[in-house]
Amino acid sequence: MRILWTGAAALALAVPAAAQTLGGEVEKQMPSLMAIYKDLHANPELSFMEVRSAGILAAEARKLGFKVTEKVGGTGIVAVMENGPGPVVLVRADMDGLPVTEQTGLAGASKVRVTTKEGVETGVMHACGHDTHMTAWVGVARLMAANKAKWSGTLVMIGQPAEERGAGARMMLADGLYTRFPKPQYALAFHDAAQFPAGMIGYTPGYALANVDSVDILVKGVGGHGAYPQTTKDPIVLASRIVGALQTLVSREISPLDSAVVTVGSFHAGAKHNIISDEAKLQLTVRSYSDEVRDHLLDGIARIAKGEAIAAGMPEDRMPVVSVDKNEYTPSTFNTPEFTEEMAAFLKTSFGDKRVVQMPPVMGGEDFSRFGREDKSIKSLIVWVGGVPQAEYDAAKKEGRTLPSLHSPFWAPDAPAVISTATEALTSMTMKLMAKK
């Protein structure tokens with residue numbers, strides 16, 4: 001891990017003088033923060049199993065004087081610090097790891113193995129960098145507690161479970177996040193990024209991440225002998241027609257000025273060469289930004305599945321069954337545009353124009369979106385913090401090589417650069433919003 005400090009140190013040279021005080025406080029915290037990071041990285045936990053991780057965050061917050069409530073929405077925690085009159089600002093970190101076996105080869109790599117609820121044995125890894133999120137959360141809590149004389153208001157810091165399942169934010173809200181605890185006027189978060197160099201900050205006004213829907217289609221048929229297809233209704237042929245026709249949803253029904261994705265990620269049918277099965281199963285991921293486009297896609301999937309079945313001569317009782325998994329739905333993330341531009345301009349005064357850049361939206365999902373959607377008066381912003389070690393980024397660019405993405409077993413961010421940058425950025429934005437008048 002010592003080698004990775006090089007990127008963070010190099011970036012620190014470019015920080016304007018105005019940010020040196022806060023940056024110096026962050027630097028003093030880094031040795032102990034890195035110890036927490038290494039612990040969290042080596043001991044990841046799957047969604048709604050984040051008991052140990054939540055305990056670490058809760059203990060840190062209590063030591064700093066926060067009022068801490070655990071088991072909110074499952075394994076979530078809420079830490080509140082009231083410091084006089086002023087706005088309520090929410091700062092969120094997600095805590096869950098992924099069922100991925102780490103292959104980074106780093107010292108301290110996760111060796112954790114579990115059996116999932118589905119009965120699958122797997123390794124567990126923070127392949128999406130939530131360990132950096134939690135560590136920076138601790139850093140923000142420490143700096144805010146140490147600088148209480150400089151701000152006034154109420155700070156609500158949440159450790160959120162199950163982001164990877166798109167369920168944690170929903171569960172925390174359902175468990176009274178905005179009724180049992182102060183409701184925020186502002187919501188802030190960050191996510192590490194695998195597409196640009198460590199220590200850079202990316203922002204996207206408006207839509208930043210997509211609606212994410214998981215859709216299952218059970219295609220029914222009439223099975224029989226493969227040698228006598230005329231006696232059957234082949235669900236594999238029908239399912240193949242459905243897969244092809246689904247492509248027209250994006251290419252012919254959605255405006256080229258809108259964004260949409262319909263991907264069939266799984267197609268299962270049959271068990272033997274000479275048997276025509278009586279069913280096929282499709283699994284889809286569906287992505288969009290606006291709710292109008294989302295509704296059109298979901299309605300279109302059901303229409304196409306039924307229409308192709310009718311064209312194939314399926315009887316009414318053998319129509320496909322289309323199911324949208326409401327528990328796995330993640331709404332699109334919308335960064336309040338004016339607020340985002342304001343915060344980006346502020347960050348540039350501390351980090352410089354070269355380190356704070358506008359990024360295009362992506363089709364990934366993030367359930368941080370729910371905290372702003374719950375009440376449209378809440379100004380919401382999630383920023384990206386680059387995690388690719390500079391030398392690795394430069395080499396990959398020169399060689400035309402693809403870098404490991406988030407969720408990859410090879411994703412190894414420059415943790416010190418991510419944590420120090422995110423801690424400083426989130427703290428500075430929070431203190432600006434809560435600055436004493």
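Rounded to the nearest 20 debye, what is the charge dipole size of the chain about its Cα centre when +1 sits on each Lys and Arg Cβ and -1 on each Asp and Glu Cβ? Intermediate results must be reported in sequence, preceding the final value.
Working: 44 positive and 47 negative charges, 192 e Å.
Roughly 920 debye for the chain.
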Using a ≥ b ≥ c from the Cα gyration tensor of the range 121-198 (square roots of the eigenvalues), is it rounded, prolate or oblate, where a/c under 1.5 gives rounded and otherwise the larger of a/b and b/c decides, a/b for prolate? oblate
Take each of the peptides 313-322, 355-364, average the number of other beta-carbon atoms within 10 Å over its residues, and list them starting from the highest. 355-364, 313-322
Residues of the range 332-362 with amide N under 20 Å of the 7 Å Cα→Cβ point at THR21: 346-352
Counted neighbours (other Cβ, 10 Å), sorted fewest up, put ARG113, ARG370 in the order ARG113, ARG370
Quote the FRET efficiency, to the nearest 0.05, computed for LEU218 versus ASN274 with a Förster distance R0 of 25 Å and r equal to the Cβ-Cβ distance. 0.60
Testing the spin-label approximation: label points 7 Å from Cα along Cα→Cβ at GLN195 and LYS71. State their distance in nm. 4.1
Could you tell me the center-to-center distance, by alpha carbons, between the range 385-437 and the range 194-242 in angstrom? 31
If packing is taken as the average count of other Cβ atoms within 10 Å, what order do 100-106, 136-142 fall into, highest mean first? 136-142, 100-106
Of all DSSP beta bridges with both partners in the chain, the antiparallel percent, nearest 5, is 70
Quick one: Cα centre-to-centre distance for the range 265-323 and the range 108-171, in angstrom? 36
To the nearest µm²/s, what D does Stokes-Einstein give for the range 250-379 at 10 °C and 1.306 mPa s, using the Kirkwood radius over alpha carbon pairs as Rh? 86
In nm, spacing of pseudo-spin labels at ALA149 and ASP325 (7 Å Cα→C-beta vector): 5.3
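Of the listed peptides 238-244, 260-266, 418-424, what is their order by residue-averaged count of other C-beta atoms within 10 Å, with the highest listed first? Can you show the working numbers first?
Details: 238-244: 20.6, 260-266: 16.0, 418-424: 29.3.
Listed from highest to lowest mean packing, they are 418-424, 238-244, 260-266.
Taking the beta-carbon count within 10 Å as an exposure proxy, list ARG165, ARG52, ARG180 from fewest neighbours to most.
The order, fewest Cβ neighbours first, is ARG180, ARG52, ARG165.
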Helix-only [θ]222 nm of the chain, DSSP H runs n ≥ 4, -39500 (n - 2.57) each, per residue, nearest 500: -11500 deg cm²/dmol
The simple spin-label model distance between SER255 and ALA395, using points 7 Å out along Cα→Cβ, in nm, is 4.6
Given charges at Cβ of Lys, Arg, Asp, Glu: the chain dipole, positive-most of MET34, SER377, LEU188: MET34
Pop the C-beta distance of ASP39 and LYS437 into the FRET formula with R0 = 30 Å and round what comes out to the nearest 0.05. 0.15
Here are a few candidate values for Cα extents along the principal axes in Å: (i) 61, 46, 44; (ii) 80, 45, 40; (iii) 70, 53, 36. Which one was actually calculated from the structure I just gave you? (ii)
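About the Cα centre of the range 211-328, what is the dipole size in debye to 20, counting +1 per Lys and Arg Cβ and -1 per Asp and Glu Cβ, all else neutral?
Numbers: 12 positive and 16 negative charges, 89 e Å.
The calculated dipole for the range 211-328 is roughly 420 debye.
When the chain is fully extended, how far beyond the present Cα-Cα distance does ASP375 get from ARG113, taking 0.36 nm per residue of separation? Can you show the working numbers first?
Values: separation 262, 0.36 × 262 = 94.32 nm, distance 3.92 nm.
Using 0.36 nm per residue and subtracting the Cα-Cα distance, I get 90.4 nm.
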Checked the range 56-165 against the a/c 1.5 cut and the a/b vs b/c comparison, axes a ≥ b ≥ c from its Cα gyration tensor; verdict prolate
Could you tell me which of the pairs LYS111/LYS326; LYS63/LYS348; LYS38/LYS398; LYS233/LYS281; LYS220/LYS326; LYS148/LYS379 are separated by over 25 angstrom between their Cα atoms in the structure shown? LYS111/LYS326; LYS63/LYS348; LYS38/LYS398
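Any read-out appearing in this document is the output of simple, stated calculations on the displayed coordinates, not a laboratory observation. Values in this document were obtained by computation on a predicted structure and should not be read as measured data. All Cβ positions, glycine included, derive from the backbone under ideal geometry; neighbour counts span all protein chains shown.
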